[in-house]
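This report concerns only the one structure given below.
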Amino acid sequence: MSNTLDTLQEVQLRAKLQALLQQHRDLDAAIAALEQQAAPDPFQIRRLKKMKLDLKDQITRIENLLIPDIIA
């Protein structure tokens, strides 16, 4: 991908970013619900937390693409 994004690429990245942010929030809610159970499954919670971290990495990569480099 070149240093500058064209409008279509930016729109697509912003849409993808919003979808990833929603998935991240959904995983947060799912983890909280599991942790509230009387006997939460630690393996399932760990798996969901790993998925959440992977989503956060993807979110960060897209945000870095959308934020222009500023030379200080």
Quiz item: Please state the relative contact order of the chain as a whole percent: Cα pairs under 8 Å, 6+ residues apart?
Solution: 41 percent
Quiz item: If you add up the charges near residue 29, with Lys and Arg at +1 and Asp and Glu at -1, over every other residue whose beta carbon is less than 15 angstrom from its beta carbon, what do you get?
Solution: 0
Quiz item: In Å², what does the accessible area per residue of the chain work out to with a 1.4 Å probe?
Solution: 80 Å²
Quiz item: When Lys and Arg each count +1 and Asp and Glu each count -1, what net charge do the other residues less than 12 Å away from residue 51, Cβ to Cβ, add up to?
Solution: +2
Practice problem: Can you figure out the FRET efficiency of residue 60 with residue 30, using R₀ = 22 Å and their beta-carbon distance, to the nearest 0.05? | Solution: 0.55
Exercise. Taking 7 Å along the Cα-to-C-beta vector as the label spot, tell me the residue 43-residue 71 distance in nanometres, rounded to one decimal.
Key: 5.4 nm
Exercise. May I ask for the angle, rounded to the nearest 10°, between helix 42-66 and the longest principal axis of the chain, with both axes built from Cα atoms and the value confined to 0 to 90°?
Key: 10 degrees
Exercise. Can you tell me the FRET efficiency between residue 51 and residue 21 if r is taken as the Cβ-Cβ distance and R0 is 22 Å, rounded to the nearest 0.05?
Key: 0.95
Practice problem: Please give the helix 7-36 orientation as an angle from the longest Cα principal axis of the chain, in degrees from 0 to 90, rounded to the nearest 10. | Solution: 10 degrees
Quiz prompt | Share of carbon and sulfur in the accessible heavy-atom surface of the chain [1.4 Å probe, %] | solution = 57 percent
Practice problem: Take every Cα-Cα pair in the chain and report what % of them are more than 14 Å apart. | Solution: 67 percent
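The values are calculated or read from the model by the stated rules, or taken from the named source; none is laboratory data. If you're wondering where the values come from, they're calculated on a predicted model, not measured in any experiment. With ideal geometry, Cβ positions are generated from the backbone for all residues, glycine too; neighbour counts draw on all protein chains shown. Side chains included, ligands, DNA and RNA excluded: accessible areas come from the protein's heavy atoms. Shrake-Rupley method; radii C 1.70, N 1.55, O 1.52, S 1.80 Å.
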